[in-house]
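Data first, discussion second: the structure below is written as structure tokens.
The values are calculated or read from the model by the stated rules, or taken from the named source; none is laboratory data. For clarity, every value in this text was computed on a predicted model and none was experimentally measured. Glycine also receives a Cβ, built like all others from the backbone with ideal geometry; neighbour counts cover every protein chain displayed.
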Amino acid sequence: MRCERASVVIIGASSSIGSAIVDRFRAGGSRLVATYCNNNRLQDCDDIRTLPLDLASDASIERFVADLRGLVEHVDTTIVLSGLLFGKSLREYTMGEIDATMAVNFTGQAKLMMRMLPMFRPGSHVILLSSISAQKGSYDPVYAAAKGAVLAFVKSMASAVAPDVRINAIAPGLIKDSTMYCAMTPERREWHRTQTPRKRLLERTDLADVIFDLSRDHWAHLNGACIDLNGGQYVR
């Protein structure tokens, strides 16, 4: 079934933060194509189609783009939420874990964008999710490096895809009720909260509202930027 309306593609829509973003764009009247990797928590309906995608697999990326072409003629907004965090020091990593972290958090995203470029039409917007770790560093240096690569990629692509397409990044701090948040001890969550000058963590619905608004035409001059959503925990 081919969607005729403007389309939004959400990569990693079945993640812990994906559901809020899906709900926000659906409430805004968008038609969605949403991806999942291992578990599909979403159901196909009139305004959403789900497709599998493993960013660590070249074959999966190629299949996804082929399937996407069967659903939409063009893509208006692409949001990449996929992330993999082992939370390890460099000496604790295995070779395979380093490859997987880089693939999911950066190289797979770059490959996906390369294949999707012909589907973007004038006025399209891409949002990639980076992290505060990319700016201030992290106990997990591989994760931080991958998220830092996202920022460099956005800066480079901002001119490469202009004037028809704009691309930006968002670098949040800890997101309340995310997978990362739920994996932490209560003491560690509280430590993160107290590190922010406002003494509160980013809510998933707040992130969804920001992403939805950034896709609107009144942000047309925002290109190649990184929006920091860390409550002032790290100020550049």
Keeping to the range 7-36, report how many residues are under 18 Å from Leu112 (Cβ atoms) and among the hydroxyl-bearing types (Ser, Thr, Tyr).
-> 5
Would you check if Ser19 is among the hydroxyl-bearing types (Ser, Thr, Tyr), in a loop (DSSP other than H, G, I, E, B) and under 14 Å from the mean Cα position of the chain (by Cα)?
-> no
Out of the range 75-96, which residues are closer than 18 Å to Met180 by Cβ and in contact with a Leu (Cβ under 9 Å, 6 or more places away or on another chain)?
-> Val80, Leu81, Ser82, Gly83, Leu84
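Quick check on the range 118-151: of everything there that is in a helix (DSSP H, G or I) and touching a strand residue (DSSP E or B) at 6+ places or on another chain (Cβ under 8 Å), which residue is surrounded by the most Cβ atoms within 10 Å (Cβ to Cβ)?
The qualifying residue surrounded by the most Cβ atoms within 10 Å (Cβ to Cβ) is Lys147.
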Considering each residue of the range 160-174, count those that are small (Gly, Ala, Ser), in contact (Cβ under 8 Å) with a residue 40 or more places away in the chain and not in a strand (DSSP E or B), and give that number.
-> 2
Is there a residue being at pLDDT 95 or above, of a type in the set (Asp, Glu) and part of a helix (DSSP H, G or I) anywhere in the range 214-236?
-> no
Per the filter on the range 34-89, residues charged (D, E, K, R) and assigned to a strand (DSSP E or B) are Arg49, Asp76
